[in-house]
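Scroll down for the structure; my scribbles are underneath it.
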Amino acid sequence: MLSLTEENYLKAIYHLSDGGTKSVLTNELAEAMNTKAASVTDMVKKLSAKEVISHEKYYGVKVTTKGKSEALMVIRKHRLWETFLVQKLGFAWDEVHDVAEQLEHVNSARLIEKLDEFLGYPKVDPHGDPIPDNKGKIKVQPQIAIDQLSIGYQGKIAAVKDSDSNLLKYLDKIGARPGIKIKILGKEEYDGSMEILIDDHRIFISKEVSLNILVIE
């Protein structure tokens, strides 16, 4: 069994490695965890001993098959708790990340299965991120930020990239949530800002915001 801190490190490695597809350098991990390189080195040794990551000097760390399964279970709990907090307790989507960070470490498989059943087996969380099933399988669809789209594109928002609460509050304010219709009306060459139609409302957004609104590729 992994400790709370070990689970947090493993989840960070999984995300930084794009789902276990590439190696993660220790300095990248230190930056993501906001800690010193020495602390990361100690944790890498612990996780390697538990066979959830592999470490190759100069090349960084990768999640093992066992580690990927463990990471996906933590992610599953996190996203189910976020869904519960929004759908059943009335939390705003910008409020749930930190609370779910605590709840994701509850080690009760039966509780999580009951939670999943209670929620009606949701496929995505409030931010549009896919929820792994109880076997650790996750259905990831290729997504693209709207800053890459051509003028005239029409579709629906699939997800938002950043969990920053200020960004989520802003997206909530303009109505840019997963499932909402979006159309690209224009784009400024000077600063990359865009004119978009969100559910029939004309809005101007910055390039930074456009980088965080995702649609199915």
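Observations, loosely collected:
Residue-by-condition table, conditions (1) among the hydroxyl-bearing types (Ser, Thr, Tyr); (2) surrounded by fewer than 18 Cβ atoms within 10 Å (Cβ to Cβ):
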position: Asn134; (1), (2): no, yes
position: Val140; (1), (2): no, yes
position: Gln143; (1), (2): no, yes
position: Gln154; (1), (2): no, yes
position: Ser165; (1), (2): yes, yes
position: Leu171; (1), (2): no, no
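- Test: residue in segment 139-154 that is assigned by TED's automatic domain parsing to the domain that holds Leu211 and on the phi > 0 side of the Ramachandran plot: yes
- Check on Lys66, among the basic types (Lys, Arg), loosely packed, with under 14 Cβ neighbours inside 10 Å, within 23 Å of the chain's Cα centre (by Cα) and part of a loop (DSSP other than H, G, I, E, B): no
- Scope segment 114-127; condition within 27 Å of Asp199 (Cα to Cα) and crowded, with 19+ Cβ neighbours inside 10 Å; matching residues: Asp125, Pro126, His127
- Residues of segment 122-138 that turn out to be in contact with an Asp or Glu (Cβ under 8 Å, 6 or more places away or on another chain) and on the phi > 0 side of the Ramachandran plot, as a count: 0
- Any strands (runs of 3 or more DSSP E) falling wholly within segment 178-217 and containing at least 2 residues that are out of contact with any helix residue (DSSP H, G or I) (no Cβ under 6 Å at 6 or more places or on another chain) and without any contact (Cβ under 8 Å) to a residue 60 or more places away in the chain: 181-187, 194-198, 201-205
- Asp98 being modelled with pLDDT under 95, surrounded by fewer than 16 Cβ atoms within 10 Å (Cβ to Cβ), under 18 Å from Lys11 (Cα atoms) and within 19 Å of the chain's Cα centre (by Cα): yes
- Matching residues, segment 31-63, being more than 27 Å from Val140 (Cα to Cα) and within 19 Å of the chain's Cα centre (by Cα): Asn34
A quick yes/no check of all residues on (1) in contact with a strand residue (DSSP E or B) (Cβ under 9 Å, 6 or more places away or on another chain); (2) crowded, with 17+ Cβ neighbours inside 10 Å; (3) closer than 22 Å to Asn107 by Cβ:
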residue	(1), (2), (3)
Glu7	no, yes, yes
Gly19	yes, no, no
Ala38	no, no, no
Val44	yes, yes, no
Leu47	yes, yes, yes
Ser54	yes, no, no
Lys57	no, no, no
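- Exactly one residue among Ile138, Ile205 is within 15 Å of Arg79 (Cβ to Cβ), of a type in the set (A, V, I, L, M) and in contact with a strand residue (DSSP E or B) (Cβ under 6 Å, 6 or more places away or on another chain), and that residue is Ile138.
- Spans of helices (runs of 4 or more DSSP H) in segment 1-51 with at least 3 residues free of Cβ contacts under 8 Å to residues at least 60 places away in the same chain and among the hydroxyl-bearing types (Ser, Thr, Tyr): 37-49
The values are calculated or read from the model by the stated rules, or taken from the named source; none is laboratory data. Fair warning: this is a prediction, and the values are worked out from it, not measured in the lab. With ideal geometry, Cβ positions are generated from the backbone for all residues, glycine too; neighbour counts draw on all protein chains shown.
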